[in-house]
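The values are calculated or read from the model by the stated rules, or taken from the named source; none is laboratory data. Just so it is clear, the model here is predicted, and its values are computed rather than measured. Because the Cβ atoms are built from the backbone with ideal geometry, glycine has one as well, and the counts that use them run over all protein chains shown.
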Amino acid sequence: MSLQPGDDVTLTGLRGDASLNGQSGVIQPNTAEGPPPGRIAVLLPNLPTPRTIAVKPENLIASTPTCYICLEPSAETELLSMGCGCRGTSHMVHSACAVRAAAAQQERTKSWSSWQLCLTCKLPYTGRHKLVMAREWCRRTNEFPLDDTQRFAARVSLSAALAACSLYAEAETVVRANLEAAAMVHGPEHRHTLGARMNLGVLLEAQGQTATAETLYVALLDDQRRVLGHEHHDTLATAMQLAGAALTQGRHAEAEAQYRPILAARTRLLGEAHPSVLICAMNLGSALLHQAKLREAEALYRANLEHKRRRLGPEHPDTLMAAMNLGVTLKERGDYANACPLLAENYGVKARVLGTAHVDTCFAALNLIALWVDGTYVARYEEAEALATRTRAALESSFGPEHPSCLSAQVHLAMALEARGDHARAAELYGLAHEVRIRVQGPEHPDTLEVAWRRAVLMGRREEPTSTSDCHLNLNLNLNQRCVLMGRHEEPAVDRVEESHGPVEDSEARVGESPALLLLRATATAQTKALGAEHPRTLRTLVSLGEVLVANGGPKLAAEATTLWTRCEAAQSAVLDPTHPELMYTRELLGRVARNQTLAGRQAGGGIEGLKGLDDPATCKAAEAIYAFAHMNQCLERLDGHPWDGVLCLCSSDLRVARHAAELHKKLGGWLCFTGGMGTGPHSGANLLGWAEPEAVIFAREAVERCGVPKDEVLVEADARNTGENVSLSRALLASHGLACERVVLVQKPFMERRTWATVKRVWPEVDAVISSPALSLDACVAGSGVPADVLIAIMVGDMQRIRLYALPPREFQIAQPIPQDVWKAYETLVAAGFTMNVVPTEDLLEWTPSWNRYDERDGSVPSYGAGDAQQSLRD
């Protein structure tokens, strides 16, 4: 095959630098400087630092899908991925070509190994290629006697290949036939018979029949120890399956105790780099991770991943499994900056190599969904919902709707819905998953308790507080959607490898308490019993319990909450990293107690105490009307072909705005400027969150450290005290750097869009500007804002007043905008209800007239878009 400069190619078969196998490159023309004779210059643009290397022609294949044996281009669906150690996924092959090559190799060598192992690297095939070869191997041995070794080995290989492709029912049929034949020919204690019994247990466990499989393992282990000895390879394999059954059923400490002697024996007998040792080490890491022994688990996973990358290549399924487990451990530790790209890459490679419906790909998807709905590092709620829906369907087609993996996907879908603000559907899914887990896995299984916590937290989010009139601890933060803020997903989707291929004090249910409180108390008690009093999940439930206690009001409940948080902070400090989000959150709660006692007194004088939130229908309807009006939904698509010069983010207390600005910057390019000082208004981080640094500094840090924006692409204006100064000081900063600012995307909170845009059009009329914000419903905006609903509604009411008041003489801080009558009626409804904390005292007459529906002719502006360059039908 002739390769020309400019052709896209893929590297393959490199031995000196095997990590480059599978990398895409572009052939470069020859120059006087090189490459050497017999080599081709290839640019590798996708490396962290792009570079050009000299490669032999035989180590290059055209990126167009081509069979590496017959060299005929074909549709990718007609080709198999090699999936071995030397080729990874870089070589594709027709199934007929692969079969002919294996048959020729068998004829030459008189060995059947060509049906299992790559002809070059001698490592096993994986995926669909393994299944094709195993089926042909079985076909060629069909007429062999039942006691023939190759006949038996071919069917063992087929059952393993079927299981790897999630075809468990067919695999079970093959294994049962093998077991029956082995018992009949060799007897019940022959090694083949014992091995078939273990393979049957593995398949039963894969189909959710873990208790049945565990019973089988116990009996089998006794027979193997008696027949083969305690340290025989098969005996240790069964012992590891028994430990895995304990792990699957949530008995993590028991699993750890069983894995450790198996690992010690295998390391002593085989060496630390042997595949069987690596498998056992990874399974021990899973047991440690579930017990929050994160440092030891991370060390095991890192060593495991390095061994597999060297031996198998970066895209081998076993390597991908090890990478996913390390990513989950990093996330559990709170190291989002390293976990997020690792898990995102892991899902992408698995989807390409194994297919989106493969079980391993589904597990990777669940981990990615958990990151997206978390919001700590990146918030992608709609994509999370879509991916969760597809993953749930794929798992249900493989296992059925009540398999634990399917229930985990259902919970992740509920998490995505909750993050988007669809609490009714999320509550329904949590409830269904909780009820099925109780029936299938038992009420005290860790997975059951996990979904119970999520269900209780959302129940608290939707409940009417019992009383707020005497609450002396009013916390200005989201009390109930902790599953998004805390960054913990339903169950870490950590793979266990199958080798055959102090009680809560004062936590009794109390008469008159809300359902959320009762469920949280019961969950905390059960987690203390099942996981331990200092397990991170137990502590997280206790922190949530304290939040709901505060939401239910009363000094006694507030005191109980503070006691819980103090205990949790001490325990979390001992088991979590100092920067772990859960530990930082608990410390934030404790640090706000004194500040919020003062704030509660200030709010009591401003009409907040005793007000209803979004659960009150009239309040919710009025707040929704103002929110929809303030949220302009402008379009970022330009019809004039000019790019945007940059993104100007007006800072506040909501870090989701910073993340949205960072994502827009990555998408649109140009400069990124954050503007905002310490702030004194009701939106400010200093007032709401006790920030001791300017808002722009904190926003910029979020963009750089959490969102990966290069530091040299960010400008910080840290002195502005209001919107006018945000504009004037940012303009001066941009001018001092010689940056163009004719076409600017403004970024703000959703309910601040209209007021901000109107101010910019007044003080910076020559700019072509649109405004954008995170795509959030009102419920979702409240849930992640760190502000109780009643306080946020009061802020919105004050902004609504300013949209009209600040357009009138003598102020004229903003351009005038049309205000529909129903929107102003909503404003008046909320003012009458007492949401006046942020209202400007004024004697100006603010009574709606029909003229408010017209644009201000003096400005000649259309408030839906600045310079009229874009349509209104699209949303960024």
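A few points about this structure:
- Pairs with Cβ under 6 Å, 6+ apart, first in the range 14-43 and farther than 24 Å from LEU312 by Cα and crowded, with 17+ Cβ neighbours inside 10 Å, second among the charged types (D, E, K, R) and at pLDDT 80 or above: ILE27/ASP7
- Here VAL132 passes the criteria (1) modelled with pLDDT under 85; (2) farther than 24 Å from LEU216 by Cβ except the one numbered (1).
- Tally of residues being within 23 Å of ALA783 (Cβ to Cβ) and surrounded by fewer than 24 Cβ atoms within 10 Å (Cβ to Cβ) across the range 382-397: 6
- Single match in HIS665, HIS683, HIS660 (criterion: out of contact with any Phe, Trp or Tyr (no Cβ under 9 Å at 6 or more places or on another chain), in a helix (DSSP H, G or I) and either modelled with pLDDT of 90 or more or in the same structural domain as VAL787 (by TED's automatic domain parsing) (or both)): HIS660
- Among the residues here, GLY400 does not qualify as outside the structural domain of LEU583 (by TED's automatic domain parsing) and surrounded by fewer than 24 Cβ atoms within 10 Å (Cβ to Cβ).
- Taking the criterion of being among the polar types (S, T, N, Q) and under 13 Å from the mean Cα position of the chain (by Cα), the residues of the range 330-378 that qualify are ASN338, ASN346, ASN367, THR376.
- Among the residues of the range 636-650, those that are crowded, with 19+ Cβ neighbours inside 10 Å and either modelled with pLDDT under 85 or in a loop (DSSP other than H, G, I, E, B) (or both) comprise TRP644, ASP645.
- Residue in the range 270-277 that is among the small types (Gly, Ala, Ser), surrounded by fewer than 17 Cβ atoms within 10 Å (Cβ to Cβ) and in a helix (DSSP H, G or I) present: no
- Meets criteria (outside the structural domain of PHE399 (by TED's automatic domain parsing) and under 30 Å from ALA339 (Cβ atoms)) for ASN199: no
- Here the condition is being at pLDDT 75 or above and either more than 22 Å from ALA357 (Cα to Cα) or among the hydroxyl-bearing types (Ser, Thr, Tyr) (or both); of SER90, SER81, SER111, it holds for SER111 alone.
- Some residue of the range 770-784 being surrounded by fewer than 24 Cβ atoms within 10 Å (Cβ to Cβ), farther than 21 Å from GLY669 by Cα and over 33 Å from the mean Cα position of the chain (by Cα): no
- Residue check for ALA299: buried (at least 21 other Cβ atoms within 10 Å of the Cβ) and under 30 Å from GLY708 (Cα atoms): no
- With respect to being within 23 Å of ARG333 (Cα to Cα), surrounded by fewer than 16 Cβ atoms within 10 Å (Cβ to Cβ) and modelled with pLDDT of 80 or more, THR579 falls outside the description.
- Across the range 805-828, the number of residues qualifying as basic (Lys, Arg) and either modelled with pLDDT of 85 or more or surrounded by 19 or more Cβ atoms within 10 Å (Cβ to Cβ) (or both) comes to 1.
- Tallying residues that are under 21 Å from LEU778 (Cβ atoms) and part of a helix (DSSP H, G or I) within the range 418-437 yields 9.
- Of the residues making up the range 226-244, one or more are at pLDDT below 90 and either in contact with a His (Cβ under 9 Å, 6 or more places away or on another chain) or crowded, with 22+ Cβ neighbours inside 10 Å (or both).
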